[in-house]
Structures are given as structure tokens and as C-alpha cells.
1. For the chain, give me the percentage of DSSP beta bridges that are antiparallel, rounded to the nearest 5 percent.
2. Using the basic label-point model (7 angstrom from Cα toward the beta carbon), what is the I353 to E125 distance in nanometres?
3. Give, rounded to the nearest 20 debye, the magnitude of the charge dipole that region 178-281 has about its Cα centre when Lys and Arg contribute +1 at Cβ and Asp and Glu contribute -1 at Cβ.
4. Can you tell me the Rg and the Dmax, both Å, for the Cα atoms in region 1-140?
5. For A46, enumerate residues with amide H under 5 Å from its amide H, sequence gap 5+ or separate chain, H modeled in the peptide plane.
6. Can you flag which of K149/K226; K149/K341; K137/K341 are past 19 Å Cα-Cα?
7. Could you put M224, M28, M1, M51 in order of accessible surface area, largest first, with the 1.4 Å probe and the full protein assembly present?
8. For helix 3-14, what angle does its Cα long axis make with the longest principal axis of the chain, in degrees from 0 to 90 and rounded to 10?
Amino acid sequence: MDYMARALALARQALGNVSPNPAVGAVMVRDGQVIGEGCTQPPGGAHAEVMALKAAGPAARGAALYVTLEPCCHKGRTPPCTGAIIAAGLGEVHLAALDPNPLVNGRGKAELETAGIRVRVGEREEEAQELNEAFFKYITTGLPFVTAKFAASLDGKIATRSRQSQWLSGEEARRFGHRLRQISDAVLVGVETALADDPRLTARLGGEGRQPLRIILDSQGRTMPKARLFREPGPVLIATAGPIPLPRRRALESVGAEVVALPAEAGHVALATLLRELGRRQVTSLLVEGGGTVLGAFFDAGLVDRATAVLSPLIIGGREAVSAVAGHGAETLAQAWRLAKVRTEVLGQDIAISGRIVGEG
């Protein structure tokens, strides 16, 4: 059995439920048998290592622990995991990756080694780093990890010239999109998309899990108080470019929205300031869903970390049809945004393509 692969599978179960903490999985092994396992619990709950230790009980002494991220060595909402591991008398610990948190970053490993525990680092490291890429960025910069996501035709259109867009993609692709929302702290669209599509912006996969913060980028406060998103569970934030007329603000607040006035750039919300505000609120991951103008603005500002496109097997055509990414764009191919570590997934008749942004635009 690949114990680290199992630990990563456990960590994935925690994604979307444990922010601003990292999603971690742990597997305890003795004499070739799994004697305990666990994943990170919601904030304030036990970390993955403690869950595995509790499951193993006294059998943990002399056992090996496989964990996807370096154990914490500082007291936060819970005591440090290194202390629990040392007290349990483990023989060795396998770490997929070190924790870039300045309060940890090798110190947890050093504590374990000082206590006489053998530590090995690097097994499935790349997978572990990608799984927590949002946490890694947030903990080192204070800013959320930004994923730009759109569904488009093969010729890159997200709507016809009459602005019809539902449904470009099939049922499997829509479930994929809901999963992206489920594992994100926040979902953002522009006011034009909010007015045209009246989206709910919720993660609808069944159950009563945490809903993301839903953000409307709305410079002038034009979002309609009767919009469907106000009748759905989860918080709503309206980001405006400076103050808006008091009656509009009160109307939005009366249906549960939080209206936040941010500095303006060229008449629009300053996106870098918005990201800093979200980081202050411990939003570690932001899913930007459109429309094309908003996606273009994020790309032009160099604020996108990952792009995910769902391509459907149809051709829309027409110069007036809506493109997935507007804005200024790249002047030359050398300036285009390129993806690295590209992954593809077949979703019925649709295909999802995702990768980290490496180009400058």
C-alpha cells in the first residue's frame, strides 16, 4: 500500500472545510498495517496527526507516521502537533512537504529529529504542494490564491452574440464547477454577469457543507436586491468603487449583503486592494468565474495564479459573441499567459484544462 497516497486522499477530503488552515492527511503504520489515520478538522478542531494518534492509541509507540505536511510546532487554536508526536513515542515520520509558514518551515522537522525521531522528507512532494497551493501562497504573502475559471466553446466564446450562455457545458462539467466552488473560500463575478445570468454562486453538490463567500464586483452598486443569490445560504459581499448612494447601499444591506467601498482605479474597483482586503479576512482562495471583462482585468493586472477552462464541443462563431477573456490581453505571443503543470480531465463530452500561470501577459 502507498501510505503517502492514502494520506493525500485523506487531505483532499478536508479541502474546503478547514481554511485558513492547510488540508492535511495522516496515516499511522505499524508492522505493515494501518493502525490509525485522519485529516484536518475544521478550525479549532484536531489536526490530522492528532486524529491519527487518537485512532492508533498505545500502538503508536514505535510506529511510523506518513503526513502530507510538516507538523506544526507552535500553539495556535490547538497545541503543537510535534509535542503530541514526541509524547506518543513514534519511531519515524515521513513528510511529503515542509510547511512554508514562517512559524514552522523546518522547525517542526528539527524538533522531531532532536527528540530522536527519524524524519524523511519529499515523498509525493509535488502533489502535496499542489494540494495546498492556496495555503502556501496565503501564508507567505497574506493574499488569496486566485483561480480564473470559465466554460467556453471550442472557439473561446462564453456566450452568443445575443448573450445566451446557458448551458454551454454538460452536467458533469457543472458538477466539476460546483466542486471548485466547494473547495474555494470565495467566488467572484462581475455585476454584468450578476445582472444577466442571476447566478446563485453556491456549491450545490448535496449535503450542508460550508458555502463560499460570494463576491459581486459592482463599482456603482447596481446589483438587484431581488437577485437569487440573496435567497441562498452563505454570505454575500458587494465590492464597490468608492461610496455608492445611501439608498442603494441600504437596499443591498436590507437583503443581507455586506457592502464594502474600496478605492477606484479608472472607475472600477482596485483589484489589488480587493485581494488585500480578502487576505485580511483570511480568504485563502478566490475563484473568479467571470464574465470576460472581469477575467480580463484580473489577467491584465497579473493577479491570476491558476487558470481552469472547461471546453465544450461546439462552435459559436461571430465577432460579436462574448469572449472568455477580454481586457487588453497580450500584444505578442511571447507575452501571452502560459500554463505549466497542465492537467486535463474528461467530463462527459467536455474537457477541463487547468494549469499554473507562468507567462507575464
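1. 40
2. 3.0
3. Taking the Cα centre of region 178-281 as origin, the dipole is about 240 debye.
4. My reading of the Cα-based Rg and Dmax gives 13.2, 38 Å.
5. Q41
6. Working: K149/K226 26 Å; K149/K341 16 Å; K137/K341 17 Å.
Listed pairs above 19 Å: K149/K226.
7. Result, largest first: M1, M224, M51, M28.
8. Tilt relative to the chain: about 40 degrees.
The values are calculated or read from the model by the stated rules, or taken from the named source; none is laboratory data. Treat the numbers as computed from the prediction; the structure is a model and nothing was measured. Using ideal geometry, Cβ is built from the backbone for each residue, glycine included, and neighbour counts are taken over all protein chains shown. The accessibility values were calculated without ligands, DNA or RNA, using every heavy atom of the protein model including side chains. Shrake-Rupley method; radii C 1.70, N 1.55, O 1.52, S 1.80 Å.
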